[in-house]
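Chemist: Starting off with a structure, shown below.
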Amino acid sequence: MNLRSLAYRTDLFFPEFEGSVVDRGEYLVITTPDNPGYHWGNFLIFARPPQPGDLERWTDTFSREIGDPQRVGHAVFGVDGTDGEAGAVRQFIDAGYEFERNVVLSAKAAHPPPRPNRDVTVRPLVSDADWTLSLEQRRKPDPDGPDDEGYARFMERLMARYRRMSEAGRGHWYGAFLCDVLVADLGLFHRDGVGRYQSVVTLPEFRGLGIAGTLVYGAAVHAAETFDLKDIVIVADDGSQASRVYASVGFEPVELSVGWAKSWEGPP
């Protein structure tokens with residue numbers, strides 16, 4: 001199965017590094033054995049949008065390839081394509097699935113944001129202390145909410161993988177530091193001259209200060225020079241504020257991607 005979707009092709013950078021991608025012809029099976037609770041690390045990508053009646057067939061396929069959804073805690077499906085075509089989506093909505101339509105943006109080179117934040121320093125995470133700061137800020141889905149042991153364990157495993165990728169020369173995790181305080185961070189990893197951003201997060205009290213755009217731009221410049229990238233890709237919710245931030249530093253929409261996810265328990 002030759003993926004057309006730039007979003008899903010670059011998604012596979014991560015399970016291909018430390019996981020499994022199995023081609024069944026009609027669909028791909030993506031698994032991350034070290035992090036079974038990672039929804040978008042343990043899912044299926046189908047070659048075409050769903051047709052009427054596919055919910056049952058796709059769910060049976062998920063059960064066979066990955067595990068019973070209620071036991072593993074989720075069922076997630078992606079669809080190869082570039083135009084956001086969703087097919088027979090109502091059957092999934094009626095069954096409690098969340099429909100995801102994302103805009104895929106790319107740039108050959110980023111440009112500075114219109115309102116850069118000149119107080120922050122953008123650099124890769126390099127020390128144990130750096131990585132600990134990033135993990136501590138990501139251990140809860142809601143910084144003001146209660147502790148969630150399952151989510152914390154999921155995030156620990158995810159950030160450990162990103163660190164191993166960084167140490168293997170596959171990219172970096174970048175931070176925006178304000179007086180040695182990590183106020184925003186993201187990942188940017190690569191393969192075959194193409195870079196892919198991961199998980200741009202700014203602490204709530206530092207939003208609206210131009211930090212996210214400054215970080216995205218600074219990471220793009222450093223990664224392009226370090227890894228000789230020819231193209232960089234970022235994925236965001238269609239129409240979101242985040243997509244507008246990325247557009248402000250030179251990223252242009254090139255396609256739409258779609259998927260469905262349902263959670264019974266545990267992290268996303």
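Chemist: Could you tell me which numbered condition R138 fails, if it satisfies all but one of (1) open to solvent by 40 Å² or more (accessible area, probe 1.4 Å); (2) modelled with pLDDT under 95?
Modeler: (1)
Chemist: Could you give me the residue pairs with C-beta distances under 6 Å whose first residue belongs to the range 50-73 and is free of Cβ contacts under 8 Å to residues at least 60 places away in the same chain and open to solvent by 40 Å² or more (accessible area, probe 1.4 Å), whose second residue is assigned to a loop (DSSP other than H, G, I, E, B) and not hydroxyl-bearing (S, T, Y) wherever it lies, and which are 6+ apart or on separate chains?
Modeler: Matching pairs, first to second residue: Q51/A88; P52/A88.
Chemist: Just one of R90, R64, R57 is closer than 22 Å to D238 by Cβ and out of contact with any strand residue (DSSP E or B) (no Cβ under 7 Å at 6 or more places or on another chain); which is it?
Modeler: R90
Chemist: For the structure I just gave you, tell me whether L215 is open to solvent by 20 Å² or more (accessible area, probe 1.4 Å) and more than 15 Å from the chain's Cα centre (by Cα).
Modeler: no
Chemist: Only one of L256, L158, L229 is open to solvent by less than 50 Å² (accessible area, probe 1.4 Å) and touching a helix residue (DSSP H, G or I) at 6+ places or on another chain (Cβ under 7 Å); which? It would help to see each step written out before you state the result.
Modeler: On the way: L256 fails: touching a helix residue (DSSP H, G or I) at 6+ places or on another chain (Cβ under 7 Å); L158 fails: touching a helix residue (DSSP H, G or I) at 6+ places or on another chain (Cβ under 7 Å).
It is L229.
Chemist: Follow-up question, since we're still on this one. Going through the range 17-46 one residue at a time, which ones are out of contact with any Pro (no Cβ under 8 Å at 6 or more places or on another chain) and open to solvent by less than 40 Å² (accessible area, probe 1.4 Å)?
Modeler: Y27, L28, V29, N35, F43, L44, I45, F46
The values are calculated or read from the model by the stated rules, or taken from the named source; none is laboratory data. All values derive from a computational prediction rather than experimental measurement. FYI the Cβ positions are ideal-geometry reconstructions off the backbone, even for glycines, and counts take in every protein chain you see. Side chains included, ligands, DNA and RNA excluded: accessible areas come from the protein's heavy atoms. Shrake-Rupley method; radii C 1.70, N 1.55, O 1.52, S 1.80 Å.
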